[in-house]
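Just below is one structure, and these are the notes that go with it.
The values are calculated or read from the model by the stated rules, or taken from the named source; none is laboratory data. Just so you know, these numbers come straight off a predicted model, no measurement behind them. A quick note on method: Cβ atoms are made from the backbone with ideal geometry, for glycine too, and the neighbour counts reach across all protein chains shown. Protein only, heavy atoms only, side chains kept; ligands, DNA and RNA dropped before computing areas. Shrake-Rupley method; radii C 1.70, N 1.55, O 1.52, S 1.80 Å.
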Amino acid sequence: MSYLFFTFIVLAAVFVEAIGQQSPSLSETFAPGKEEFSVSAPCRFTTDLYNQDWKIYRCESEGSFFFITSNADETSSQMGAIRAQAPAGGISTRQFRIGGLACEVIAFVDSEGFYQTIAFVKSQRFYVFHTVTESANNPDVSAFIDSIELGRTIYEKRVQISNPKTILDVLFQPRNASKSYIDSSNASFLKAPNANRTFATKPGQTTTVKVLKTPQPAYTGLGVIYSIQGVVQLRVTFFVKGQIGSVSPVKKLPFGLTNNALAAVRFIEFEPAVRDGVPINVVKPVEYRFAIY
């Protein structure tokens with residue numbers, strides 16, 4: 001009897017732990033002043049004031065991102081950039097009501113393998129609730145969207161219309177090619193990846209890969225808007241002929257930053273590793289750090 005009782009206790013504990021892992025962890029209720037909404041999330045929101053009539057609140061929890069955009073102008077450039085993320089229909093589109101207001105929610109998978117969910121709400125202001133995660137079934141995402149409430153009083157309604165040039169100047173200012181910035185959609189200022197090359201070696205020589213030049217990937221529009229910072233880590237094969245072989249992401253960042261890193265790594269110039277006087281292929285990690293400030 002004692003053995004059966006012990007087994008039951010163990011199984012119950014495992015079951016409770018499994019349920020706990022699948023349950024949402026919305027520990028923070030966020031209701032900023034001078035906004036209509038309140039929402040719950042698994043992390044604490046922060047914000048930077050880009051302009052007096054629009055704000056973006058953000059937080060990150062275990063690699064998942066949660067964003068809230070509050071804007072007085074639905075036609076502003078940053079709102080357009082966010083809407084451009086959502087393909088027509090996505091993998092699911094649904095309509096529901098929040099505080100009596102119509103709300104459109106679009107869920108989709110982007111080109112970097114991130115699962116994005118975007119909810120658009122129009123009230124006294126224009127709100128976007130946006131989540132990005134690498135998990136297809138992250139319970140925090142649906143719980144975050146379902147927790148949205150509107151109807152709080154705005155004590156000071158901001159009415160000044162955004163100046164699109166303000167944000168466009170930040171996002172799309174010309175890049176200096178000499179700084180080796182690269183964008184995955186346009187690398188015309190860089191030379192093509194090196195063709196097959198030969199390298200002089202000495203008998204018995206043993207060396208590691210020697211990187212000569214590493215072009216840096218550029219920020220993307222939403223990367224700047226959402227102040228995404230961090231590291232993209234890639235697993236890279238360095239071929240004996242001076243070419244980059246297979247590349248796979250180990251740690252990713254959203255909104256095109258991973259794609260830009262994947263493009264930039266192809267233009268690394270290097271001398272291959274050598275073992276006992278013979279060049280060899282090697283696989284090494286390469287990191288790109290994205291920092292706005």
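Miscellaneous remarks
- Among the listed pairs LYS55/LYS284; LYS34/LYS251; LYS34/LYS252; LYS55/LYS213; LYS210/LYS252, those beyond 29 Å (Cα-Cα): LYS55/LYS284; LYS34/LYS251; LYS34/LYS252; LYS55/LYS213
- Overall, the range 55-107 carries a charge dipole of about 100 debye about its Cα centre when +1 sits on the Cβ of Lys and Arg and -1 on the Cβ of Asp and Glu, all other atoms neutral.
- The alpha carbon convex hull volume per residue for the range 28-128 rounds to 115 Å³.
- Among 264-274, 130-140, the peptide with the highest mean count of other Cβ atoms within 10 Å heads the list, and the full ranking is 264-274, 130-140.
- Once the Cα-Cα distance is subtracted from the 0.36 nm per residue extended length, the VAL231 to GLN216 segment shows a gain of 4.2 nm.
- Counting only protein heavy atoms and a 1.4 Å probe, the range 191-293 has 51 square angstrom of accessible area per residue.
- Estimated at 0.36 nm per residue, the fully extended path between ALA88 and ASN281 surpasses their Cα-Cα distance by 65.1 nm.
- Estimated distance in nm for a label pair at THR47 and ARG289, the labels positioned 7 Å out from Cα along Cα-to-Cβ: 3.0
- Full extension of the chain segment joining ALA200 with LYS34 gains 53.0 nm, where the gain is 0.36 nm per residue of separation less the Cα-Cα distance.
- When only the Cβ of Lys, Arg, Asp and Glu is charged (+1, +1, -1, -1), the dipole of the range 234-293 relative to its Cα centre reaches about 220 debye.
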